[in-house]
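The next block holds one structure in the form of structure tokens; read it before the comments.
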Amino acid sequence: SVSMPEKIATLMAQSSVPAGGRVFSDTLRLTVLPARTVIQLRFAGLAPKGIGTLKIAGRPVPQAINTWSGDDPVICRIAPDTWLLFSALHEAPELLDAVRTACGKRLCAITDLSDAYVTLALDGARAASVLARGCGIDFSATAFGPNACARTRLAQLPVVVRRVTAERFECVVDRSAAQYVFDWMQDAAAGLD
């Protein structure tokens, strides 16, 4: 007979890519950001009426798809029925409570995805050029301007890309693919020279 272990080990989510980064030049830097809280808010069907009045942690949720707002938490609308919230300051239980309170009796799903994602940041005048090598989005400032975000594919993998400033982009990628995307970005950056 096979006996079950008395204690079951808890699996801790770990990224294969450590925090830190790489400076390519004064026009390009790649950084793996420290772990963040990531919460997904999803409504049944299209967002309900009155969504324009919804505020989470005192911040209104963005109304236009592929836009973001807020400093912390950052709130990205990535689909007609879906928002992602990112926070470096709020722990998951605190942010989950804030979202639940804000949504009240609206029919929605609120999910903690913090352990599922890693955020990579590209900074510098050449950041958009690196992203353009692996994605069909036009990352020019006129097409993908301030407060723009998109759920898309980068290097054939699903990511959420957010323009933070004129020369800074954050890419939220599945933890299991983080090392691949990090390596791909390094190769794409080297290919610009």
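Per-structure values
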quantity	calculated
Nearest-20 debye value, segment 143-193 charge dipole, Cβ charges on Lys, Arg, Asp, Glu	320 debye
Options Ala128, Leu154, Thr142, ranked by Cα towards positive dipole end of segment 94-193, top entry (Cβ charges)	Thr142
Scattering profile of segment 50-193 at q = 0.09, 0.11, 0.15 Å⁻¹ [log10 I(q)/I(0), Debye over alpha-carbon scatterers]	-0.29, -0.43, -0.77
Gain on full stretching of the segment that runs from Asp115 to Asp71 - 0.36 nm per residue minus C-alpha separation	13.7 nm
Calculated FRET value between Gln186 and Lys105, using beta carbons and R₀ = 41 Å, to 0.05	0.30
For segment 124-139, 3J(HN,Hα) per residue [Karplus equation, 6.51 cos²θ - 1.76 cosθ + 1.60, θ = phi - 60°, Hz, x = Gly/Pro]	x, 4, 9, 4, 4, 5, 5, 4, 5, 5, x, 8, x, 7, 7, 8
Ranked packing of 65-77, 153-165, most packed first, by mean Cβ within 10 Å	65-77, 153-165
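Values quoted throughout were computed directly from the atomic coordinates according to the rules given, and no laboratory measurement underlies them. Since this is a predicted model, take the numbers as computed values, not measurements. Because the Cβ atoms are built from the backbone with ideal geometry, glycine has one as well, and the counts that use them run over all protein chains shown.
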